Amino acid sequence: MPRVGLFGGTFNPVHLAHLRAAEEAREALALDQVVFVPAHLPPHKDAEGISDAEHRSAMVRLAIADQDAFSVSDVELKRPEKSYSLYTIRHFRKELGAAAEIFFLTGADAFAEIATWHRWREVLPMCHFVVLSRPGHALAKPVDVLPAAFAERYRPTGDGAYAMKEGARLIFLPITGLDISSSDIRRRLHEGKSVWYLVPDTVIGYIEQHGLYK
C-alpha cells in the first residue's frame, strides 16, 4: 500500500528548512511520496503580506524539481474558502483510496494549537499525524496538548509514538533543527539583504524575476 506524506503550509516562500523536514520525514517513515500542499487562505494567519498562491506554488515546484519523491498539489489553491486540513485530508483519502497510509506532517508549533483547528476531533482520526520538532518548540505528549478526554484515546506503541483504536497514529519526530523562517527571509529581502543558503537558488531567481517581498 502507498505511504504518502502531506506537507501543508503557506510556503511564503519555501526554504531549506521546509525541504530538509520533508526529506527527513520521508526517510524516517519510509514514505513513497511527500506532497507539498500550499495553502490558499491559511486559517491561522493574516492574509496580508502573503504572496499570490500561484507564486508560492511555483516556488515550491522549483524547489523540489530534483527530488522525484516530492510533488506539489494545488488542491487548496483551487478551493475558494479557507484551507482547512479536514477537507484536504478527505480529498487525498478519496484520491488515494482506503488502502493508502496517509501521514499528515505538521510542526510542533502548529500541533500545540491543534485544539483551535477546524473540527479537529474529526481530523486526528483520519490519518497518521507526524509532529516535526522545531527550534524553540518542544515535542510533547498527547496529554500535554489535547483535552484529557481526547488524549485518553491514544495509547503508547512502544516506539515513541501513540495510536488510537481507529488505527491512526500520532508520531513525534525529532528532525535537524534548522532555525530558518519565511518571515525572517521576507524581512531580509525587504531590507535588501542576502538570502543565499537559506532558500534554493532557483527560488531566489524566481523571487528576483517577479520582484517579490520588496
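What follows is calculated from the coordinates using simple rules that are stated; it is not laboratory data. Note that this is a predicted model, so its numbers are computed, not measured. FYI the Cβ positions are ideal-geometry reconstructions off the backbone, even for glycines, and counts take in every protein chain you see.
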Which value, in Å³ per residue, describes the convex hull spanned by the Cα atoms of the chain? 121 Å³
Between the stretch 93-128 and the stretch 163-177, what is the separation of their alpha carbon centroids in Å? 11 Å
Nearest 5 is fine: what % of DSSP beta bridges in the chain come out antiparallel, could you say? 20 percent
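Please list 125-136, 179-190, 147-158, 75-86 highest first by mean number of surrounding beta-carbon atoms within 10 Å per residue. Working shown, then result.
Numbers: 125-136: 19.6, 179-190: 15.2, 147-158: 12.4, 75-86: 16.9.
Per-residue Cβ counts within 10 Å, averaged per peptide and sorted highest first, yield 125-136, 75-86, 179-190, 147-158.
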So what J values fall out for the stretch 176-192 if you push phi through Karplus, 6.51 cos²θ - 1.76 cosθ + 1.60 with θ = phi - 60°, rounded to Hz, Gly and Pro as x? 4, x, 8, 7, 10, 9, 4, 5, 5, 5, 4, 4, 4, 5, 4, 8, x
Can you find, among 77, 149, 181, the residue farthest towards the positive end of the dipole of the chain? Put +1 on the C-beta of Lys and Arg, -1 on that of Asp and Glu. 149
Rounded to whole Hz, the Karplus (6.51, -1.76, 1.60) HN-Hα couplings of the stretch 148-164, x for glycine and proline: 3, 4, 7, 4, 5, 6, 9, 10, x, 9, x, 10, x, 10, 9, 9, 8
Near the amide H of residue 104, under 5 Å away, which other amide H atoms are found, from residues 5 or more places off or on another chain, if H is placed in the peptide plane? 6, 128, 129, 130
Quick calc, the chain, dipole around Cα centre from Cβ unit charges on Lys, Arg (+) and Asp, Glu (-), nearest 20 debye, gives 500 debye
For the stretch 7-18, 3J(HN,Hα) per residue [Karplus equation, 6.51 cos²θ - 1.76 cosθ + 1.60, θ = phi - 60°, Hz, x = Gly/Pro]: 10, x, x, 6, 6, 10, x, 5, 9, 5, 5, 4
